[in-house]
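J.: Handing you this structure, nothing more for now.
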Amino acid sequence: VHANSVQALGMLARNEVHAAGIHFSGDNLPHVQKALNGDATLVTLGIWEEGLALAPGNPKGITGIGDLIQHGTMIVNRESGAACRALLEEECTKAGVAPSSLAGYEHIAHGHVEVAQAIAQGRAYAGVTVSAVARAYGLAFVPLRSVRYELALRPAIFALPRLQQLLETLQHRWIRTQLKEIGGYDITASGETRDTIAA
């Protein structure tokens, strides 16, 4: 089910899904504890780069949020609850810029791929997404942060044999080779687990 991190945790809290894929600024753990109000297990899938995806070749020479304002550059934004939208707003705060002053701030894309497609098709010049998606679409990329992408699960679900089988694929040589070829993912911690109670 396609959902941003906030939506995914909400679905997990309502027992609508077995696992929620999440990536927040900083540690994911406080968000999981708040949403689930109880114990959970987190499994690291990988660490990825988030940043500004830009038109191929970045002809405007954009290096950060301040440049977007200076050039009146059209952006594509993510929906409320998306970690990349939060990152954009955090970067605006650092730059002393009101997020709503960015051209295209209300232009919403649902997901990393939609952001990249909007830029690749010329409907926007910039947007926040992950480096692997920007690379797949031939876009320029300015990294802003690295975040841990994790699966949040209820402990009872984590113990299911079929879930364990799924998680074992994270160590499969073919899977790890494919992720390395895509680029933009640090998989050294893939498969690591931690519990909210222990933490």
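The values are calculated or read from the model by the stated rules, or taken from the named source; none is laboratory data. In this text, all values refer to a predicted model and were calculated from it rather than measured experimentally. Here the Cβ is made from the backbone with ideal geometry for all residues, glycine too, and neighbour counts use every protein chain on show. Ligands, DNA and RNA are excluded from the accessible area calculation, which covers all protein heavy atoms including side chains. Shrake-Rupley method; radii C 1.70, N 1.55, O 1.52, S 1.80 Å.
J.: Scan 83, 98 and give me the residue that is surrounded by fewer than 19 Cβ atoms within 10 Å (Cβ to Cβ) and modelled with pLDDT under 95.
T.: None of the other options fit; the residue is 98.
Residue-wise test of (1) at pLDDT below 85; (2) β-branched (Val, Ile, Thr); (3) over 20 Å from residue 83 (Cβ atoms).
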position: 113; (1), (2), (3): no, yes, no
position: 131; (1), (2), (3): no, no, no
position: 141; (1), (2), (3): no, no, no
position: 148; (1), (2), (3): no, no, no
position: 152; (1), (2), (3): no, no, no
position: 157; (1), (2), (3): no, yes, yes
position: 161; (1), (2), (3): no, no, yes
position: 167; (1), (2), (3): yes, no, yes
position: 196; (1), (2), (3): yes, yes, no
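J.: The conditions are (1) touching a His at 6+ places or on another chain (Cβ under 8 Å); (2) open to solvent by 40 Å² or more (accessible area, probe 1.4 Å), and residue 159 fails exactly one of them. Which is it?
T.: (1)
J.: Related question: For the range 1-25, what are the residues that are outside any loop (DSSP other than H, G, I, E, B), of a type outside the set (Gly, Ala, Ser), open to solvent by 20 Å² or more (accessible area, probe 1.4 Å) and touching a residue at least 12 places away in the same chain (Cβ under 8 Å)?
T.: 6, 7
J.: Something else about it: Being polar (S, T, N, Q) and loosely packed, with under 14 Cβ neighbours inside 10 Å: is that true of residue 63 here?
T.: Criteria met by residue 63.
J.: Looking at 124, 152, 189, which one is surrounded by 20 or more Cβ atoms within 10 Å (Cβ to Cβ) and in a loop (DSSP other than H, G, I, E, B)?
T.: 124
J.: Any residue at all in the range 72-80 that is assigned to a loop (DSSP other than H, G, I, E, B), polar (S, T, N, Q), within 21 Å of the chain's Cα centre (by Cα) and closer than 28 Å to residue 196 by Cα?
T.: yes
J.: Those residues that are more than 22 Å from residue 187 (Cβ to Cβ) and either free of Cβ contacts under 8 Å to residues at least 60 places away in the same chain or surrounded by fewer than 24 Cβ atoms within 10 Å (Cβ to Cβ) (or both), I need them from the range 127-138; list them, please.
T.: 138
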